[in-house]
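The values are calculated or read from the model by the stated rules, or taken from the named source; none is laboratory data. Fair warning: this is a prediction, and the values are worked out from it, not measured in the lab. Positions of Cβ are generated from backbone atoms using ideal geometry, with glycine treated the same way; all protein chains shown enter the neighbour counts.
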Amino acid sequence: MEKQKMYGYIRVSTREQNEDRQRIALLQMGVPSQQIYMDKQSGKDFDRPQYKKMLKQLDGNSVLVVKSIDRLGRNYTDLNEQWRIITKEKGADLIVIDMPILDTRKEKNLLGTLISDIVLALLSYVAENERMNIRQRQAEGIAAAKARGVHFGRPTAGMPDNFSEVRKSWQDKEISLRQAAKACGMPKSTFFDKARAWEQE
């Protein structure tokens, strides 16, 4: 039987930068260094040049090695679709180093395939659920901060010293809206809004 060709895939986000841990793990698994593909970008989708290039190399006599499942991706639907493409369409094996149960070389029967598929579905669901929880916690944190009076975004500019005087001249129709706004260094709409708010106060 012909020996399987080994390929490795590394993904690091632009913030992480350091791919050494993943590369060492792949080399220790016996992946030749020239057959390791790497993308430096987030795992939100599979629009990655090196991943696509690596995918073209895979066939029924290949095995793809990744350090952890989230190196492939974090989106539940996309991750399951890529697993299907690699293992079903390409017929390649897949090894996830940090999760030995996700090694399709073992148990080449229906039960082994079913177990791998179930474990992958569970893991990718947990990964996506955690991402959604993080986003929800961030949104709740922002809402709580706003409720405490914390302001986000650029601070509003203070009123110019001459605003009260210019506003009165405009109100008394001594000057036009355009002249008043120009005198205060504001767009016309901003001057108008602030003048109205001033009246209400």
Any chance segment 138-159 includes a residue that's modelled with pLDDT under 85, within 25 Å of residue 41 (Cβ to Cβ) and of a type outside the set (Gly, Ala, Ser)? yes
Neighbours by Cβ (under 6 Å, 6+ apart or cross-chain): first from segment 120-147, under 30 Å from residue 103 (Cα atoms) and in a helix (DSSP H, G or I); second among the hydroxyl-bearing types (Ser, Thr, Tyr) and modelled with pLDDT under 75: 124/76; 125/76; 128/76
Out of the residues in segment 61-106 meeting the condition of being β-branched (Val, Ile, Thr) and farther than 24 Å from residue 32 by Cβ, tell me which one is surrounded by the most Cβ atoms within 10 Å (Cβ to Cβ). 101
